[in-house]
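Asks: Please read through the structure below; I'll follow up with questions.
The values are calculated or read from the model by the stated rules, or taken from the named source; none is laboratory data. Predicted model, so just to flag it, every value in this text is computed and none were measured. Virtual Cβ from ideal backbone geometry, glycine too; neighbours counted across all protein chains shown.
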C-alpha cells in the first residue's frame, strides 16, 4: 500500500504545513548547492529565513525556460560524477535543456510514476505495454519503466510506431494497459480493421495517454477521445508531466483531472503579472520541485496555461487537480481579434475522419499580423471538403484559416519525424 501516500488524503491545512516544511528544506539546499539560485538570492536580497509559508514564495522571482537555456550548467547542484543519467527536454519551444539525474533522482522518478500509475488503477502483476521511446535522452520512457518495475508490474517495451508489431505483442503478452500517444491508438485501430484483427476482444482494458489532450475543460471526452472510444471500448487516462518537473499529474478512476502529489511538487497558477489567479481561473502553471538532488527548480514557469480544481475528489484524495492544458503561453495566436491555442484547432481537425494527417503553421504576414495555414492530407481532395473544414473553423472558433492540400507521403514524413518524440502538428514561424 506504499503507493497510496497518506499525505494525499490528509486535510488541506496539513498538506500546506507539510509542503512548507519541504520548502524550507529546499531553500537551504539551493542556498548551499545551486550557483544559479545563490546568485538569484544575492541579487534580489532574499533572506531564505524569511520564506516560511507558501504565500512567501511570492517574494522570490520566477525562473523561466530562458534562464534554464542560458545558465543550464549553473542549475546543477551535484558534481558530474554523481550523475547517473542525462536527459533533455523535448525542445518544443527552442533548444533542448540538459537534465542530469542522480541515483536518488531516479528513485524519486520511479516513486512518482508508481504512485501515478496506481492512481490510474494499475496494480502489481498487471502487464503494461509501453508504446513510447525509452532512448533518445527521453526522461518519460525511462520514468515509466522504473515506475512500473517499482510497483511490480510486468513491462513490454515496444517503443513507438509499427502497429503490426504492437498487435503481435498484445496477443502474445496480453497487456491490460498501454502507455501511448492517444492519436496512435487510431492508427492501431485502422491497421486492425484493415487486417481483420479482432481488436475488440483483446486483453487491453485501458490506456495511459501522454503528449496529447483527451479531455475538454469540463472533463468530457474531446473529439480525439470520442473517436477512439467509438471504435474501441477501453478506458483512457489523462496524464500531464514534463522533464523539468520530474513529476506527473495523473487521473484517478473518477477522471476529473490529474492529481497533485504534494510530497513531490509545489504548484502555483499565475496570471500575466505573476500574481496567483482566483480560484476557477486559468493561468500559467509554475512549479517548485521537492526532493530533486541534481537540478531542483524554484518557481519555474512551465509555459502551460491550465486551470486547477480544488473540490474534493470521490477517490478520497484532497489534493488539487489539474485540468487539461488549455495551451502553451508562447503558442498563443492572436488572429483577427480572437485569441487561440493549438489544442482548440486540433479538436476541429480531429473531427474529420477523412483527414489522414495535418500540420498547423503560424507565421507573420507582411503587415505583422498572425496568419494560420492548415496543411492537410486527406482521402477526398475536393473544394467541397476544403470549404467544409473552413466552415467548421468559422463555426467553432470564428476564424477562417488558409488551407493547403499536401500529398500524404510528403506531409507524414514532416509530422512523424523520426527525430521527434511527438507528432509535429504545430509549427510557429513568427
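Asks: Can you find, within region 393-415, the residue that is surrounded by the fewest Cβ atoms within 10 Å (Cβ to Cβ) among those that are modelled with pLDDT of 85 or more and in a loop (DSSP other than H, G, I, E, B)?
Replies: 407
Asks: So which residues in region 228-275 are surrounded by fewer than 22 Cβ atoms within 10 Å (Cβ to Cβ) and at positive phi, if there are any at all?
Replies: Hits for region 228-275 are 255, 274.
A quick yes/no check of all residues on (1) under 11 Å from residue 249 (Cβ atoms); (2) crowded, with 21+ Cβ neighbours inside 10 Å; (3) without any contact (Cβ under 8 Å) to a residue 60 or more places away in the chain; (4) more than 18 Å from the chain's Cα centre (by Cα):
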site: 287; (1), (2), (3), (4): yes, yes, yes, no
site: 292; (1), (2), (3), (4): no, yes, no, yes
site: 310; (1), (2), (3), (4): no, no, yes, yes
site: 316; (1), (2), (3), (4): no, no, no, yes
site: 321; (1), (2), (3), (4): yes, yes, no, no
site: 326; (1), (2), (3), (4): no, no, no, no
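Asks: Any residue in region 64-79 that is in the same structural domain as residue 100 (by TED's automatic domain parsing) sitting within a Cβ distance under 7 Å of a residue that is at pLDDT 95 or above and surrounded by fewer than 16 Cβ atoms within 10 Å (Cβ to Cβ)? List the pairs, counting only those 6 or more apart or interchain.
Replies: 74/35; 77/33
Asks: Please count how many residues of region 1-24 are touching a residue at least 24 places away in the same chain (Cβ under 8 Å) and either closer than 18 Å to residue 320 by Cβ or in a helix (DSSP H, G or I) (or both). Step through it out loud before you land on a result.
Replies: Going residue by residue through region 1-24, those that are touching a residue at least 24 places away in the same chain (Cβ under 8 Å) are 3-5, 7-12, 15-16, 18-20, 22-24.
Applying the additional criterion that residues be either closer than 18 Å to residue 320 by Cβ or in a helix (DSSP H, G or I) (or both) yields 4-5, 7-12, 15-16, 18-20, 22-24.
Result for region 1-24: 16.
Asks: Test of understanding: among 217, 226, which residue is without any contact (Cβ under 8 Å) to a residue 24 or more places away in the chain, in the same structural domain as residue 104 (by TED's automatic domain parsing) and under 26 Å from residue 315 (Cβ atoms)?
Replies: After applying the criteria, what remains is 226.
Asks: What's the total number of residues in region 222-239 that are touching a strand residue (DSSP E or B) at 6+ places or on another chain (Cβ under 7 Å) and assigned to a loop (DSSP other than H, G, I, E, B)?
Replies: 2
Asks: Just give me the residues in region 29-59 being surrounded by fewer than 18 Cβ atoms within 10 Å (Cβ to Cβ), in contact with a helix residue (DSSP H, G or I) (Cβ under 7 Å, 6 or more places away or on another chain) and farther than 24 Å from residue 276 by Cα, in sequence order.
Replies: Matches in region 29-59: 31, 35, 38.
Asks: So which strands (runs of 3 or more DSSP E) are wholly in region 128-221 and hold at least 3 residues that are modelled with pLDDT under 95 and over 30 Å from residue 348 (Cα atoms)? Talk me through it step by step, then tell me what you get.
Replies: Details: elements: 154-157, 177-180, 206-209.
Filter on region 128-221 gives an empty set.
Asks: Just one of 291, 274 is under 16 Å from residue 7 (Cα atoms), assigned by TED's automatic domain parsing to the domain that holds residue 89 and assigned to a loop (DSSP other than H, G, I, E, B); which is it?
Replies: 291
Asks: Consider residue 348 carefully, then state whether it is in contact with a helix residue (DSSP H, G or I) (Cβ under 9 Å, 6 or more places away or on another chain), more than 30 Å from residue 61 (Cα to Cα) and modelled with pLDDT of 85 or more. Even if it seems obvious, please write down each step before you answer.
Replies: Values: in contact with a helix residue (DSSP H, G or I) (Cβ under 9 Å, 6 or more places away or on another chain): yes; more than 30 Å from residue 61 (Cα to Cα): yes; modelled with pLDDT of 85 or more: yes.
Criteria met by residue 348.
Asks: Being surrounded by fewer than 19 Cβ atoms within 10 Å (Cβ to Cβ) and not assigned by TED's automatic domain parsing to the domain that holds residue 354 narrows it down to one of 173, 177, so name that one.
Replies: Only one candidate passes the filter, namely 173.
Asks: I'd like the full set of residues that are more than 13 Å from residue 297 (Cα to Cα) and at pLDDT 95 or above, limited to region 58-70.
Replies: Answer for region 58-70, where residues must be more than 13 Å from residue 297 (Cα to Cα) and at pLDDT 95 or above: 58, 59.
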